[in-house]
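K.L.:
The following block contains the structure, expressed as structure tokens.
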Amino acid sequence: MQLKKGQYVLYKGLPLVRDGDTLYYGDLKEKYILTLNILGKDANENPNMIMVQICQTNDRNKIVKGKQAFKKDLYEALDLGGIWLDQTIKEN
């Protein structure tokens, strides 16, 4: 699948963008986004250690307190992070 300029891969209706070993998930118009940092890979280069964090959109170094975890599977990380992102946006 070839994406045109300005198009993003969508996961559950929200953009998922990769920059090296970091994935960003969510709408940049919202106050918060999900950041997935790939910390380790197996012999086949599949992610096997992912740090899940909810960050503020305007300052990705500001992590929402209590919203950080480590997962061994990318889908688990996206599912947990997606739930956290929804909750954080609704609460704020």
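K.L.:
Mind listing just one residue for me: the one in the stretch 13-29 that is in contact with a strand residue (DSSP E or B) (Cβ under 9 Å, 6 or more places away or on another chain) and assigned to a loop (DSSP other than H, G, I, E, B) and, of those, modelled with the lowest pLDDT?
P.N.:
Among those residues, the one meeting the criterion is Leu28.
K.L.:
Looking at (1) surrounded by 12 or more Cβ atoms within 10 Å (Cβ to Cβ); (2) more than 18 Å from Asn92 (Cβ to Cβ), can you tell me which one Ile54 breaks?
P.N.:
Against the list (1) surrounded by 12 or more Cβ atoms within 10 Å (Cβ to Cβ); (2) more than 18 Å from Asn92 (Cβ to Cβ), Ile54 comes up short only on (2).
K.L.:
Of all residues in the stretch 76-91, how many are within 23 Å of Asn46 (Cβ to Cβ) and in contact with a Phe, Trp or Tyr (Cβ under 8 Å, 6 or more places away or on another chain)?
P.N.:
3
K.L.:
Restricting attention to the stretch 1-51, and to residues there that are aromatic (Phe, Trp, Tyr) and within 19 Å of Ile83 (Cα to Cα), which single residue is surrounded by the fewest Cβ atoms within 10 Å (Cβ to Cβ)?
P.N.:
Of everything passing the filter in the stretch 1-51, Tyr11 is surrounded by the fewest Cβ atoms within 10 Å (Cβ to Cβ).
K.L.:
Residue by residue through the stretch 28-53, note down the ones that are within 16 Å of Asp79 (Cα to Cα) and either among the aliphatic types (A, V, I, L, M) or touching a Pro at 6+ places or on another chain (Cβ under 9 Å) (or both).
P.N.:
The answer is Ile33, Leu34, Leu36, Ile38, Met49, Ile50, Met51, Val52.
The values are calculated or read from the model by the stated rules, or taken from the named source; none is laboratory data. Everything quoted here is computed from the prediction, not taken from an experiment. No Cβ is skipped: glycine too gets one built from the backbone with ideal geometry, and neighbour counts run over all protein chains shown.
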